[in-house]
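The values are calculated or read from the model by the stated rules, or taken from the named source; none is laboratory data. Computed from a predicted model, the values in this text were never measured in an experiment. Ideal geometry is used to build each Cβ from the backbone, glycine not excepted, and the neighbour counts take in all protein chains shown.
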Amino acid sequence: EARLAILGVMAEAIPGPRDDVGENAPKIEAFEIPVEKIGEVIGPKGKMINTIQAETGADISVDDDGMVGIVSVASSDIAKVEEATRQIMLIVDPPTAEVGAMYTGKVVNITKFGAFVNILPGRDGLVHISKLGGGKRIDKVEDVLELGQEIEVVVEDVDPNGKISLKPVGDAPQRENKRDEKPAAKPDEAPVAVSDEDEDGDVDNDDTVVADDSDDS
């Protein structure tokens, strides 16, 4: 009877399991990804996974059991878990770039032959150096672009292997720090000398007063 009484009190307080955990309780989402995608999710030296964690505020871990990758995303805010999961899935199964589509991308790598621009999660395209000068030849990509710079591009081609060729939209790009530079101020012009005129309008070119030593007659 005592046991039934306790169960009755519990049923009144919590008639059934909650649909969701408490507001401050950690939420964890775990899912599998292909083993070959683990490197892309983590990124070079952890760059990609660290970026997602910084942007979403969620904690992410990736394990490998030899068959599949297991991703765990945790946060006390379910919205952060969902956003981090969304970004990871875009890397695992990225959208396809379409020829003719325009994107605002970010320069993620610069080489001697061009700049790689990230246009979609997990999708980078190459802007060849020959397309960066606005019809003029440039010696170095760094003359017009820098890492992290945003640039408007259009997809020119996607080859059978998925490699994307891009070209800038509009005028030739310029490094952001060059766009911010102000034109050098012109040196101050030398002041123009103003001649004194006497009452008759004659110009007096010599301020020196010569005394008349002759005797008054």
Give the residues of segment 99-143 that are in contact (Cβ under 8 Å) with a residue 60 or more places away in the chain and farther than 15 Å from Pro168 by Cα, sorted by residue number. Gly122
Tell me, yes or no, whether segment 182-191 has at least one residue that is assigned to a loop (DSSP other than H, G, I, E, B), within 15 Å of the chain's Cα centre (by Cα) and either at pLDDT 80 or above or surrounded by fewer than 16 Cβ atoms within 10 Å (Cβ to Cβ) (or both). no
Subset of segment 97-113 that is hydrophobic (A, V, I, L, M, F, W, C) and under 25 Å from Lys140 (Cα atoms) - its residue that is surrounded by the most Cβ atoms within 10 Å (Cβ to Cβ): Val107
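Yes/no matrix, rows are residues, columns are (1) assigned to a helix (DSSP H, G or I); (2) under 18 Å from the mean Cα position of the chain (by Cα); (3) at positive phi:
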site: Gly39; (1), (2), (3): yes, no, no
site: Lys45; (1), (2), (3): yes, no, yes
site: Met48; (1), (2), (3): yes, yes, no
site: Thr51; (1), (2), (3): yes, yes, no
site: Glu55; (1), (2), (3): yes, yes, no
site: Asp63; (1), (2), (3): no, no, no
site: Ile70; (1), (2), (3): no, no, no
Yes or no: Val62 outside the structural domain of Val169 (by TED's automatic domain parsing) and out of contact with any Cys (no Cβ under 7 Å at 6 or more places or on another chain)? yes
Any idea which of Val68, Val108 is in contact with a strand residue (DSSP E or B) (Cβ under 9 Å, 6 or more places away or on another chain), modelled with pLDDT under 95 and closer than 30 Å to Ser165 by Cβ? Val108
Segment 130-165, residues that are out of contact with any Gly (no Cβ under 9 Å at 6 or more places or on another chain), closer than 19 Å to Lys106 by Cβ and among the polar types (S, T, N, Q): Gln149
Just checking, does segment 64-71 include any residue being closer than 18 Å to Glu29 by Cα and out of contact with any helix residue (DSSP H, G or I) (no Cβ under 7 Å at 6 or more places or on another chain)? yes
Going by the conditions given, is Ile129 more than 30 Å from Thr85 (Cα to Cα), at pLDDT 50 or above and crowded, with 18+ Cβ neighbours inside 10 Å? yes
Just to check your reading of the model, which residue among Asp20, Asp59 is more than 23 Å from Gly148 (Cα to Cα) and modelled with pLDDT under 95? Asp20
